[in-house]
Amino acid sequence: MEKTKNGTEQISDVLPRDTAFRATMQDGTDYVLPPWRMNEIVLLAIETLSTQEYYKDGFDYKKMICGMGIKLKKFSSFAPGNLEKFTEISLSRWNEGVCIVFPDQETGERRSMIAYNDKRTSSECMQIIFHEFAHIMMKHTQQSISGEVEASCFAVAMWIFVTLEQQFHFCKTAVNTIGKQFLVQGIKDAIQRKEAT
């Protein structure tokens with residue numbers, strides 16, 4: 001953890017510690033993500049990952065997202081003018097990533113694309129992609145401060161679950177010992193116990 005020039009703690013270059021789950025609204029009031037909503041988002045993250053069996057060897061989060069019909073593109077693959085156009089219509093207000101949802105011109109089906117700043121470290125790229133993925137998973141329809149805070153919460157939860165699994169294989173062990181359904185249920189139970197206190 002690093003200190004920034006203004007003295008705040010920072011998780012990485014991408015997610016400042018003091019702004020991860022709160023933001024300032026246009027009228028100057030603070031928006032803080034309510035604990036119950038944070039719990040819903042954490043559950044969405046673990047349910048999404050568990051459905052995709054992220055605890056199996058060889059799990060690749062980019063393949064997971066692409067397998068859900070979402071196109072992933074690096075910023076470096078765009079002409080500068082095109083990237084600016086996509087940024088203008090993005091659901092995200094963040095300059096590290098772009099998320100757009102649009103109807104297919106031929107079929108009318110909903111299509112999604114995430115573009116991310118590939119000049120960042122691999123860990124930061126994962127956070128950026130998960131942030132943009134959150135907008136799609138939570139069906140955000142427009143840019144908003146609350147949507148950005150929710151997307152940041154989702155990104156941190158996904159990043160933590162994936163990183164811990166890659167390092168320590170907690171979930172693989174749990175699934176092999178007690179079964180997949182108990183993994184998600186155990187997390188739900190822990191959150192409900194926390195909410196009850």
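Does at least one position in region 162-177 carry a residue that is closer than 21 Å to A23 by Cβ and either open to solvent by 60 Å² or more (accessible area, probe 1.4 Å) or not aromatic (F, W, Y) (or both)? Checking region 162-177: not a single residue is closer than 21 Å to A23 by Cβ and either open to solvent by 60 Å² or more (accessible area, probe 1.4 Å) or not aromatic (F, W, Y) (or both). When the helices (runs of 4 or more DSSP H) confined to region 53-139 are screened for residues that are closer than 30 Å to T173 by Cβ and not charged (D, E, K, R), those reaching at least 1 such residues are found at 61-67, 122-137.
Within region 142-150, at least one residue is open to solvent by 50 Å² or more (accessible area, probe 1.4 Å), closer than 24 Å to Q26 by Cβ and of a type outside the set (V, I, T). In region 18-47, the residues that are over 17 Å from A196 (Cα atoms) and without any contact (Cβ under 8 Å) to a residue 24 or more places away in the chain form Cβ pairs under 8 Å with partners that are open to solvent by less than 60 Å² (accessible area, probe 1.4 Å) and assigned to a strand (DSSP E or B), at six or more places apart or across chains, as follows: D30/A23. Restricting region 141-186 to residues that are touching a helix residue (DSSP H, G or I) at 6+ places or on another chain (Cβ under 6 Å) and at pLDDT below 85 leaves a set whose member that is farthest from I65 (Cα to Cα) is L183. Screening region 90-123 for residues that are open to solvent by 10 Å² or more (accessible area, probe 1.4 Å) and touching an Asp or Glu at 6+ places or on another chain (Cβ under 6 Å) and picking the one that is farthest from I65 (Cα to Cα) gives R93.
The values are calculated or read from the model by the stated rules, or taken from the named source; none is laboratory data. No experiment lies behind these values; they were computed from the predicted model shown. All Cβ positions, glycine included, derive from the backbone under ideal geometry; neighbour counts span all protein chains shown. Keep in mind that these areas ignore ligands, DNA and RNA; they rest on the heavy atoms of the full protein, side chains included. Shrake-Rupley method; radii C 1.70, N 1.55, O 1.52, S 1.80 Å.
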